[in-house]
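All of the numbers you see were taken from the coordinates with simple rules; none came from a lab. Every value quoted in this text rests on a predicted model; they were computed, and no experiment measured them. Glycine also receives a Cβ, built like all others from the backbone with ideal geometry; neighbour counts cover every protein chain displayed.
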Amino acid sequence: MYTQAMDQPDPQGGSLKAVRDAGADALQRGFDDRIDADRKVEPQDWMPEAYRKTLVRQISQHAHSEIIGMQPEGNWISRAPSLKRKAILLAKVQDEGGHGLYLYSAAETLGVSRDALLDALHTGKAKYSSIFNYPTLTWADVGVIGGLVDGAAIMNQVPICRCSYGPYARAMIRICKEESFHQRQGFESLMTLMKGTQAQRDMVQDAVNRWYWPVLAMFGPPDADSPNSAQGMRWGIKRISNDELRQKFVDATVPQARILGVTLPDPDLKWNEERGHHDHGAIDWDDFWAVVNGNGPCNKERLATRVKAHQDGQWVRDAALAHARKQQARALKEAA
Ligand code: 3HC
C-alpha cells in the first residue's frame, strides 16, 4: 500500500502545481501582450528568464564594446596633431567610457552584478565588438573610426532606442546623440585631411581600405546565420536585422565617400536600380569569426590593457567605498 501511495501524485501538491501553472501562463500572457502592444518592459515587471538572459547578454556585450572601444583611439590622445584635436579626442574617449557606465547600469537592473560582468570580460568569456581588435596605425584611423565605425554604430543603435526593455532603450537615447556627434567629428577630421597634402589623402585612403570590411562585418553574421535574431526581433529587442542594417549603412556611406573623395575598397559595389540599393561584395566571415573568437590582430593586447586598467584602478574603488562608509557612519551618528 505504501509503495502504491508513493507512486501516486499528491492531490494537494498537484492542485498547487496547477495553480502555479495557471499563474505562470497568466504572467507569460501579460508579457506577450505587453510586447505585442509595443509597451516597455520595466525591471519590476515579470519577464521570461530567456528574455532576461538575452538582454544581459546583449547589453553587457555592448557595454564591454564601449569600454574596450576606448583603447584604439585612446592610443592617439598623446599624439593628436593639435590642441583642438586632442581636446575633441579626449572628450570622445570619455564619452565612450560614459556609454559603458550607462549600459552596465542598465544590465544591473536585470539582477546581475557589475563585478560578475567585468569578470566575464576580463577572463575572456564575454564577447565585445570585433571592430575594436584592429590596430590604429595612423592619425587617419582616428577619423575613420569616427566616420565609419561610429557611423555603423549609430545605424545599429538608433533602432535600439525603441527596444522593448525600458532601461536599455532610455540609455540608448543619450548614447545615440553622442555617437552622432562622434560620427560628424570623424567626418570633419577626414575632410580636413582630404583637403591637405597628397600624403594626407593617401593616409585616409589607406585607413579606409583597412577598416571598411571589418566595419561591414561589425553588424553581425548574415541573417540566415544569426542564431539570436529571430527571437530578439520577436521580443522587440532587435528592431532591424543585421543584413538590413548593413545595407542601410552601405547605402549611406557611398555618397559620403564620394563627398570625401575616397574610394570604398569593394570592386563589386554598384547601384542596383531594381532593388533600389547598392550591391556589395562578399564579406570574409572566416576573418570575422577568427576575430570574435579571440584571434584578431589586437585581441590579446586589448584584453591585457583592460585588465591592467582595472587592477590599477582598484585603489580608486577602495577609496570611494571607504568614503561612502564614512559618510554613512556620520549620517547615522547625526540621526541618532
Ligand atoms: N563582434 C563580436 N561578436 C559579434 C558581433 C560583432 N561585431 N556580431 C555578432 N556577434 C556575436 C553575437 O554577440 C552572438 O554571440 P553570442 O550568441 O555568443 O552572444 C553571435 O555573434 C551571433 O550573432 P547574432 O546576430 O545572433 O547576435 P545578436 O542578435 O545579439 O546581434 C548585434 C549582434 C547586432 C551586435 C546585437 O547584439 C546588437 O545590436 N548589440 C547592441 C549594439 C552593440 O553591442 N554594438 C557593439 C558596438 S558598440 C560601439 O560600436 C561603440 C561605439 O562607441 C563605436
In Å, the Kirkwood estimate of hydrodynamic radius for the range 203-306 over Cα pairs equals 15.6 Å
Under a plain spin-label model, where a point goes 7 Å from the Cα along Cα-to-Cβ, how far apart in nm are Thr109 and Arg57?
2.1 nm
Top of Gly281, Gly100, Gly146 by mean-square fluctuation, Gaussian network on the chain, Cα under 10 Å
Gly281
GNM on the chain, C-alpha springs below 10 Å: top fluctuator among Cys163, Cys176, Cys298?
Cys298
Enter the mean projected area of the convex hull around the alpha-carbon atoms of the range 17-150, in nm², rounded to one decimal.
10.8 nm²
In terms of the Cα gyration tensor, with a ≥ b ≥ c the square roots of its eigenvalues, is the range 148-284 rounded because a/c is under 1.5, prolate because a/b exceeds b/c, or oblate?
oblate
Let me know the charge dipole size of the chain about its Cα centre in debye, to the nearest 20, where only the beta-carbon of Lys, Arg (+1) and Asp, Glu (-1) is charged.
1420 debye
I need the shape label for the range 193-264. Rule: rounded when a/c is under 1.5, else prolate if a/b > b/c, else oblate, with a, b, c from the alpha carbon gyration tensor.
prolate
Which distance in nm do the two modelled labels at Glu42 and Met191 give, with both placed 7 Å along the Cα-to-Cβ direction?
4.3 nm
Which value does Rg/Rh take for the chain over its C-alpha atoms, Rh per Kirkwood?
1.07
Lys pairs under 29 Å by Cα in the range 182-301, provided they are eight or more residues apart or on distinct chains:
5
Using a Gaussian network model of the chain whose springs link C-alpha atoms within less than 10 Å, name the residue from Arg79, Arg20, Arg234 with the highest mean-square fluctuation.
Arg20
One finds, for Ser78 and Asp25 with R0 = 56 angstrom and r their Cβ-Cβ distance, a FRET efficiency to the nearest 0.05 of 0.40
Compute the relative contact order of the chain as a whole-number percentage, counting only Cα pairs closer than 8 Å that sit 6 or more residues apart in sequence.
17 percent
Simple spin-label model, 7 Å along Cα-to-Cβ: Arg275 to Asn209 in nm?
2.6 nm
